[in-house]
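Below is one structure; the comments refer to it alone.
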Amino acid sequence: CVCVCVCVCVFSVYCLTWHACVYARVGKYGHKVKPSFFLNTPYVLCPLLFGYRILSTPRRGYSPAISVKKRSAAMLLLDAFLALGLALLILIFVGRGVAASGSPSYYFELYTADYEPYLLDATNYGAIQALLYSFYYVPACVAAVYALYTPGCKWLPDIATLMAGGVVQGQLSYMHSSLAQWTVPESRVPGDAMPVFWFVNLAVAIVPQLLMMRSLSMPRFFSASAKKTE
């Protein structure tokens with residue numbers, strides 16, 4: 001019951017946030033956002049607060065402090081690094097998704113024009129991939145951050161493995177298409193944008209691999225038995 005409530009809260013928050021983000025910044029009226037737009041705030045905050053209330057309520061047979069103390073300082077530092085990396089991926093996925101949707105915002109137009117023009121290529125491959133990342137991998141990243149600090153999330157190794165495999169395949173195809181000679185010149189990455197292009201896309205490809213190795217290297221922390229007091 002708790003898992004169902006948490007899933008509903010996360011789903012509601014993400015869907016409403018993405019809906020508000022897209023309708024605020026994408027489309028021919030995206031540059032005419034009015035103060036009334038912020039009336040959507042309660043629809044985002046209420047599920048978020050409800051989910052926090054559920055997650056923060058102690059449950060029988062659950063002692064997170066006992067399991068968390070078993071991690072070394074190095075492992076805690078690695079988890080913090082992974083959490084920051086996942087937060088960076090969330091920003092990248094959401095930003096590229098909005099940019100690929102044709103946002104009229106100056107910054108998104110600048111990014112697609114000067115750094116990743118393949119997002120708006122006529123084939124729509126870059127746009128579709130960016131939207132898939134924003135719709136599916138953003139919730140996965142949020143769940144992964146939660147699992148890194150909550151013992152007993154036995155589903156993380158499976159999700160991390162699936163995400164790592166999908167991202168590698170997707171990034172290799174996307175980066176190759178963005179740099180290939182047969183891609184129209186207007187959609188290729190400009191020469192002076194290479195550092196930003198490689199940083200963003202290698203971060204997207206590498207962070208999920210690190211998360212997968214982390215979840216598989218210490219499976220006991222993510223096993224169901226980690227929730228029980230010893």
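If you go through the range 88-125 and keep only what is touching a residue at least 60 places away in the same chain (Cβ under 8 Å) and touching a Lys or Arg at 6+ places or on another chain (Cβ under 8 Å), you end up with VAL98, SER103, PRO104, SER105, PHE108, GLU116, PRO117, TYR118. The residue pairs whose first member lies in the range 197-224 and is touching a residue at least 60 places away in the same chain (Cβ under 8 Å), whose second member is of a type in the set (Ser, Thr, Tyr) and open to solvent by less than 80 Å² (accessible area, probe 1.4 Å), and whose beta carbons are closer than 7 Å, counting only pairs six or more residues apart or on different chains, are PHE197/TYR115; PHE221/SER67; PHE222/SER215. Taking the range 156-183 only, how many residues are more than 30 Å from PRO117 (Cα to Cα) and in contact (Cβ under 8 Å) with a residue 24 or more places away in the chain? The qualifying residues number 2. Here ARG96 meets the list (1) over 20 Å from the mean Cα position of the chain (by Cα); (2) at pLDDT 85 or above almost entirely, failing just condition (1).
Residues of the range 102-158 that are at positive phi and either within 18 Å of the chain's Cα centre (by Cα) or open to solvent by 70 Å² or more (accessible area, probe 1.4 Å) (or both): ASN124 alone.
The values are calculated or read from the model by the stated rules, or taken from the named source; none is laboratory data. The structure displayed is predicted, hence computed values, not measured ones. Cβ sites come from the backbone with ideal geometry, for glycine too, and all protein chains shown count toward neighbours. Accessible surface areas use protein heavy atoms only, side chains included; no ligands, DNA or RNA. Shrake-Rupley method; radii C 1.70, N 1.55, O 1.52, S 1.80 Å.
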